[in-house]
Amino acid sequence: MNEQLDLALVNGRVRTLDPDHPKATAIGIKGDRIAVVGDDRDVAGAAETLDLKGAAVLPGLTDSHVHPFLGALDARGVDLLDVHTLDGIRDAVAAERAKCAPGQWILGFGLDYNAFEHTGISGELIADAAGGAPAMLTFMDFHTALVTPRALELAGIDGPRTFAEHAEIVVDDAGTPTGELREMGAMRLVREAMPALTPTEIYAFNKGNLERFAAAGLTGVHGMDGTVASLDTLRELEANGDLRTRIVMPFWSNPDTPEETWEEYARHRDASGARWRAGVAKLFIDGVIDTGTGWLVEPDTEGDGLSAFWPDIDKYFRAVEFFASNGFQIVAHACGDRGVREALNAYKKSGAAPGIRHRIEHIETLQPDDLSRFAAENVIASMQAQHMMHLAPDRSDNWSRRLGPERCDRAFPIRSLIESGATVTLGSDWPVARFDWREGMGAARLRRPPGETTRDAYDDQAIDALTALEGYTVQPAATVNMADRLGSITPGFLADITVLGDDPVDTPADDLLALPTVATIVGGEVVYRGPDLD
């Protein structure tokens, strides 16, 4: 008898990812920890028992790259992630306008650069669909926005400006803004012209977003946007019982972030709660390939890509040195091959505190000489397979055209990095892509969208099903130095558990999207119960 157990999960098909005890049918939980892994008899007498009716049980799934609070606020309005034509965008904007009051801001996210291949990017293209109202639509990478003439007017944007970062208000030959805004500095000008949300509204958006994470089966995320103020948000959510997801939250620094702010971040390095902690610094060394702001060794086919995001690259290296010397894990956004190389160089120069491994996000293209450096220099590769799943196999999409065939052959090199011995952790970059881990695993296994069986794979970088699962379990735990308490179903580990209708390792990649979430458990608390769970 185990009367001391608070919760027992029985009649399950448990894949533990613990090599010493790979399979089980039951789990016993005491407090926030796993106490027993065995069969149903081993957990008899628990205060509460959940009959899983043969459902698949996994270590809690973690998305290693998510913008939990930025996404909650900025991924509002019409979802355009599945809209790939200009006419479709116009129809979606018009439908969203019909939901809005006269003159209300029309918002949307997920624009596809390829929809503007023949027209160029201009706010005039959607002005009629918006009915003259101010509108702001972000592209799928959230590094570029399209705004209407009315939005430019309200923001007081009537020409180019100079920014501390590699940002741009795109203008035509006459110096008139086109409505294309590149990078956060330019986009911020329009966001600041919008009506501000109230604290109550902000809290509701954040709370609702975490509920959606839980319903998707995610027990944890590695956040990618944060300031000292974010710590108060986390404290409030946890105090109210609304922090349904385990979060590692970084402090975000841009080129114009004062070095005094770095000092403030250092004072809060060890801030934490039961389900969250700080201790991470997020930096951007470049932008994105699609607009020519990704930093490349050689220019792209349009002559772009030769600039870092930080105009003063020495300040970037100083930032890395500061945060490394103060015991932070550093997260570097680097899409282009030069960006990846210089991020590695900065880590090599600065070193890392004991037990800390720095990481690089995205790695959309990589020079062959830099492939082996990740394992050799103990740097983690954080990859998002969903970013590449819509790339055209014939290399006709905007991203591929800009890079050219040679660099496309090194696109998103997930398998090559794993085979080189690197730790590769997987995620979505939500709201750039959906936080649906099923789509992420499917894209990693197929190199195309799961379910689109008539579409060819982009290349031969696919990984197997178990490796994909480990990319959402074992590797995220190792990435944040929590492999001694997360990533497997092992006695003494935190009771973060995902229960699904079937085991994703045994499920064909094209069928993953149909897998239902049965239950999500974080720290021993059932934070989501599916309709089939008694």
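The values are calculated or read from the model by the stated rules, or taken from the named source; none is laboratory data. On a predicted model such as this, the values are computed, not experimentally measured, just so you know. So basically every Cβ, Gly included, is an ideal-geometry build from the backbone, and we count neighbours across all protein chains shown. Remember, those area values only see protein heavy atoms, side chains included, never the ligands or the DNA or RNA. Shrake-Rupley method; radii C 1.70, N 1.55, O 1.52, S 1.80 Å.
Close Cβ contacts (under 8 Å, 6 or more residues apart or on different chains) running from residues in segment 263-285 that are within 26 Å of residue 240 (Cβ to Cβ) and assigned to a loop (DSSP other than H, G, I, E, B) to residues that are open to solvent by 10 Å² or more (accessible area, probe 1.4 Å) and hydrophobic (A, V, I, L, M, F, W, C) comprise 268/228. Among the residues of segment 443-475, those identified as surrounded by fewer than 23 Cβ atoms within 10 Å (Cβ to Cβ) and either small (Gly, Ala, Ser) or touching a Phe, Trp or Tyr at 6+ places or on another chain (Cβ under 9 Å) (or both) are 451, 457, 459, 461, 462, 465. Across segment 294-333, the number of residues qualifying as free of Cβ contacts under 8 Å to residues at least 60 places away in the same chain and open to solvent by 30 Å² or more (accessible area, probe 1.4 Å) comes to 11. Filtering segment 172-186 to residues that are in contact with a Ser or Thr (Cβ under 9 Å, 6 or more places away or on another chain), surrounded by fewer than 22 Cβ atoms within 10 Å (Cβ to Cβ) and over 16 Å from residue 304 (Cβ atoms) leaves 172, 178. Taking segment 110-119 as the range and being open to solvent by 20 Å² or more (accessible area, probe 1.4 Å) and modelled with pLDDT under 95 as the test, the residues that pass are 112, 114, 117, 118.
Give me the helices (runs of 4 or more DSSP H) completely within segment 324-427, filtered to those with at least 1 residues that are modelled with pLDDT under 95 and within 30 Å of residue 115 (Cα to Cα), ordered by residue number. Before the answer, list the steps.
Numbers: elements: 337-350, 368-371, 373-376, 398-403, 405-408, 414-419.
In segment 324-427, 398-403, 405-408 are the helices (runs of 4 or more DSSP H) which contain 1 or more residues that are modelled with pLDDT under 95 and within 30 Å of residue 115 (Cα to Cα).
Is it the case that some residue within segment 57-77 is at pLDDT below 95 and touching a Pro at 6+ places or on another chain (Cβ under 6 Å)? The answer is yes; a qualifying residue exists.
Within segment 97-128, the residues that satisfy the criterion of being small (Gly, Ala, Ser), in contact with a Ser or Thr (Cβ under 9 Å, 6 or more places away or on another chain) and not in a helix (DSSP H, G or I) are 108, 110, 120, 122, 123. Would it be correct to say that residue 440 is open to solvent by 10 Å² or more (accessible area, probe 1.4 Å) and touching a helix residue (DSSP H, G or I) at 6+ places or on another chain (Cβ under 8 Å)? It is false that residue 440 is open to solvent by 10 Å² or more (accessible area, probe 1.4 Å) and touching a helix residue (DSSP H, G or I) at 6+ places or on another chain (Cβ under 8 Å). Scanning segment 520-534 for residues that are more than 22 Å from the chain's Cα centre (by Cα) and within 27 Å of residue 483 (Cα to Cα) returns 523, 524, 525, 526, 529.
Yes/no per residue for (1) closer than 30 Å to residue 475 by Cα; (2) of a type in the set (Asp, Glu):
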| residue | (1), (2) |
| --- | --- |
| 228 | yes, no |
| 232 | yes, yes |
| 237 | yes, no |
| 253 | yes, no |
| 261 | no, no |
| 272 | yes, no |
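Tally time: how many residues in segment 1-37 are touching a strand residue (DSSP E or B) at 6+ places or on another chain (Cβ under 6 Å) and at positive phi? Summing the residues that are touching a strand residue (DSSP E or B) at 6+ places or on another chain (Cβ under 6 Å) and at positive phi in segment 1-37 gives 2.
Being out of contact with any Phe, Trp or Tyr (no Cβ under 8 Å at 6 or more places or on another chain), outside any loop (DSSP other than H, G, I, E, B) and either open to solvent by 20 Å² or more (accessible area, probe 1.4 Å) or closer than 28 Å to residue 383 by Cβ (or both) holds for only one residue in 234, 189, and it is 189.
Return yes when residue 440 is modelled with pLDDT of 95 or more, small (Gly, Ala, Ser) and outside any helix (DSSP H, G or I) and no when it is not.
When the stated conditions are applied, residue 440 does not pass them.
Which residue pairs have Cβ atoms under 9 Å apart, sit 6 or more places apart or on different chains, and have a first residue in segment 504-517 that is in a loop (DSSP other than H, G, I, E, B) and a second that is acidic (Asp, Glu) and open to solvent by 70 Å² or more (accessible area, probe 1.4 Å)? Filtered contacts from segment 504-517: 505/464; 516/532. The set of residues from segment 478-501 being part of a loop (DSSP other than H, G, I, E, B) and crowded, with 18+ Cβ neighbours inside 10 Å comprises 480, 482, 486, 487, 488, 489, 490, 493, 495, 496.
Checking each residue in segment 140-170 for being closer than 21 Å to residue 316 by Cβ and among the polar types (S, T, N, Q) picks out only 162. Looking only at residues that are within 25 Å of residue 19 (Cα to Cα) and either acidic (Asp, Glu) or touching a Cys at 6+ places or on another chain (Cβ under 9 Å) (or both) in segment 502-534, which one is least open to solvent (accessible area, probe 1.4 Å)? This residue is 503.
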